[in-house]
Amino acid sequence: MQEPSKPRRYVMVLAVPARRVGLDAFKIESAFAQHLRTFKQRLGDMAQRLVLVGPEFGPAADADTTLATIRHDEGIEFAPAFPAFIGRFQYLRNLPATMKVLRREVAQADIVHAGPSHPYLMFEFPAIVMGKRLGKRTIFINDMDNRRSPAMLHRTGAWSLRQYLAATWLWEPCIHLQHVYAARHCS
């Protein structure tokens, strides 16, 4: 007699804000809700549970008509890691609690899916490192749309020279090191 396969828990760590609604549902931007549903369906047996870990927005956003509700019985859950739209110092003050949520979710995961973290909001990349240390399958993703963003933002006047130089000398090297780690260590 063959033993039933273990449920696969696929954990996505992303900077996409959502909000829990009761114990069995969450709200998220409607187009992204559809992406999650499609992604979960395409994963098939690879993910019986898809868990999104990210920032949580407050109830004031409920008036936004572009939000959709996802119920846990769809096989998609939300684990809030920290309050959305908080400043750098508040985020750093909340960092121990954020890392506790990440450790819990990564420890329960079979697969950890995340990308690079901005140096001021470091939470996606630590999930990859935790996943690797715990022997989980790790999938590192990156949005290529950001490749020349600092130069474009500076040229258009949206960013000051100071912002451009900080991105060029601090942020981009930090993100490059995350890519090097991912290329060497991720599944």
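Please go through (1) surrounded by 14 or more Cβ atoms within 10 Å (Cβ to Cβ); (2) part of a helix (DSSP H, G or I) for PHE82 and return the number of the only condition it doesn't satisfy. Exception for PHE82: condition (2).
Being within 20 Å of VAL11 (Cα to Cα) and part of a strand (DSSP E or B), is that true of even one residue in segment 38-47? Spell out how you get there, then give the answer.
Narrowing segment 38-47 to residues within 20 Å of VAL11 (Cα to Cα): 38-47.
Still in the running and part of a strand (DSSP E or B): none.
Checking segment 38-47: not a single residue is within 20 Å of VAL11 (Cα to Cα) and part of a strand (DSSP E or B).
Applying the criterion of being open to solvent by 70 Å² or more (accessible area, probe 1.4 Å) and in a helix (DSSP H, G or I) to the residues of segment 156-171, the residue that is nearest to TYR120 (Cα to Cα) is LEU170.
Assess whether PHE32 counts as being outside any strand (DSSP E or B), at pLDDT 90 or above and within 14 Å of the chain's Cα centre (by Cα).
Working: outside any strand (DSSP E or B): yes; at pLDDT 90 or above: yes; within 14 Å of the chain's Cα centre (by Cα): yes.
Here the answer is yes, as PHE32 does meet what is asked.
Residues in segment 122-133 include none that are surrounded by fewer than 14 Cβ atoms within 10 Å (Cβ to Cβ), without any contact (Cβ under 8 Å) to a residue 40 or more places away in the chain and either of a type in the set (A, V, I, L, M, F, W, C) or under 26 Å from ARG20 (Cα atoms) (or both).
Quick one: in segment 106-151, of everything that is outside any loop (DSSP other than H, G, I, E, B) and modelled with pLDDT under 90, which residue is farthest from PRO83 (Cα to Cα)?
Restricting attention to segment 106-151, the residues satisfying the condition of being outside any loop (DSSP other than H, G, I, E, B) are 106-108, 111-114, 118, 121, 124-133, 137-140, 144-146, 149-151.
When the remaining residues are screened for being modelled with pLDDT under 90, the result is 118, 121, 144-146, 149-151.
Working: HIS118: 16, LEU121: 12, MET144: 26, ASP145: 26, ASN146: 24, SER149: 26, PRO150: 26, ALA151: 30 Å.
Among those residues, the one meeting the criterion is ALA151.
Applying a threshold of 7 Å to beta carbon distances and a minimum spacing of six or more residues, or different chains, the list of pairs starting in segment 88-114 at a residue that is under 17 Å from VAL51 (Cβ atoms) and ending at one that is among the polar types (S, T, N, Q) reads VAL112/THR138. Scanning segment 86-121 for residues that are closer than 20 Å to ILE141 by Cα, touching a Lys or Arg at 6+ places or on another chain (Cβ under 8 Å) and not hydrophobic (A, V, I, L, M, F, W, C), we see that the one that is surrounded by the most Cβ atoms within 10 Å (Cβ to Cβ) is ASP110.
Determine whether segment 154-161 contains at least one residue that is among the charged types (D, E, K, R), closer than 17 Å to VAL13 by Cα and modelled with pLDDT of 90 or more. There is no residue in segment 154-161 that is among the charged types (D, E, K, R), closer than 17 Å to VAL13 by Cα and modelled with pLDDT of 90 or more.
The values are calculated or read from the model by the stated rules, or taken from the named source; none is laboratory data. Note that this is a predicted model, so its numbers are computed, not measured. Methodologically, a virtual Cβ is constructed for each residue, glycine included, from the backbone with ideal geometry; neighbour enumeration extends over all protein chains shown. To get the accessible areas, we keep the full protein, side chains included, count just its heavy atoms, and leave off ligands, DNA and RNA. Shrake-Rupley method; radii C 1.70, N 1.55, O 1.52, S 1.80 Å.
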